[in-house]
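Data first, discussion second: the structure below is written as structure tokens.
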Amino acid sequence: MTDTAVQAAHTADAAPVAHRRLRFNILRYNPQDTGSVPRMQTYELEEADGMTLFIALNEIKEKQDPSLQYDFVCRAGICGSCGMLINGRPTLACRTLTKNLDAEITLAPLPFFELIGDLSVDTGKWMRGMSERLEGWLHAKGPEPDLRRLEERMDPAVADQVYELDRCIECGCCVAGCGTARMREDFVGAVGLNRVARFKIDPRDRRSDEDYYEVIGDDDGVFGCMSMLACHDVCPKNLPLATQIAFMRRKMVAIGWKK
């Protein structure tokens with residue numbers, strides 16, 4: 001290759017890459033403002049390398065509209081606070097790369113949960129109510145739990161099963177995508193059934209099978225699930241939610257459970 005050809009190749013390599021112009025259609029509504037009405041608002045910005053929706057929304061808020069409401073904490077897919085509808089699909093904004101989306105993107109808040117404003121919803125209130133209803137915490141053995149027992153060695157296989165279900169970040173995506181939750185206001189959702197399954201596996205929990213089945217063995221629990229697999233499809237942590245629900249339902253049918 002001649003010197004001229006080499007120089008031309010280097011020049012071509014150094015040429016800046018043209019970035020797309022992204023267009024965001026965002027549902028805006030502030031229920032705290034009596035004058036606010038739901039509307040779509042459009043923003044445009046230039047896509048950057050490695051841009052996530054977190055980065056894009058921050059740029060919109062900082063440079064175009066400081067009134068835009070949305071939630072972020074960890075930016076690493078751990079806290080679950082940035083769940084929203086991205087082109088109609090419940091998922092985490094911080095883990096969504098704009099390069100994997102079309103240049104025109106539609107954003108809306110997660111349905112089912114109480115709206116705070118724009119893309120921000122209160123999943124915490126619903127999650128707390130669900131947890132209290134299912135008693136979704138470790139019931140240690142004995143009237144006066146020995147905290148040292150909570151640190152006892154656990155069989156590695158069992159520990160792996162507990163850890164797998166414990167990866168749930170309670171982002172609300174599974175509930176937002178659930179058809180049953182739309183029809184049954186008291187349905188505990190895949191996130192609630194996953195929590196019960198997690199403690200049922202944990203050998204440190206003192207509850208019996210009947211205790212678990214009592215809180216989920218009705219139409220607001222495992223028997224209400226219509227098995228449309230949306231929870232399985234949209235879970236950002238890829239948890240086997242539908243599999244766990246089907247497993248618990250089969251076990252309860254096998255013992256002839258009736259509530």
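The values are calculated or read from the model by the stated rules, or taken from the named source; none is laboratory data. Being a predicted model, the structure only gives us computed values, none of them experimental. Here the Cβ is made from the backbone with ideal geometry for all residues, glycine too, and neighbour counts use every protein chain on show.
Summary of computed values
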| item | result |
| --- | --- |
| Yes/no for D102 being assigned to a loop (DSSP other than H, G, I, E, B) and either farther than 30 Å from A18 by Cβ or touching an Asp or Glu at 6+ places or on another chain (Cβ under 9 Å) (or both) | no |
| Where R182 falls short, out of the listed (1) at pLDDT below 90; (2) under 17 Å from R128 (Cα atoms) | (2) |
| Candidates D166, D160 - the one that is surrounded by fewer than 19 Cβ atoms within 10 Å (Cβ to Cβ) and under 20 Å from S81 (Cα atoms) | D166 |
| Given (1) at pLDDT below 95; (2) under 14 Å from the mean Cα position of the chain (by Cα); (3) not in a loop (DSSP other than H, G, I, E, B), number of the condition A76 does not satisfy | (3) |
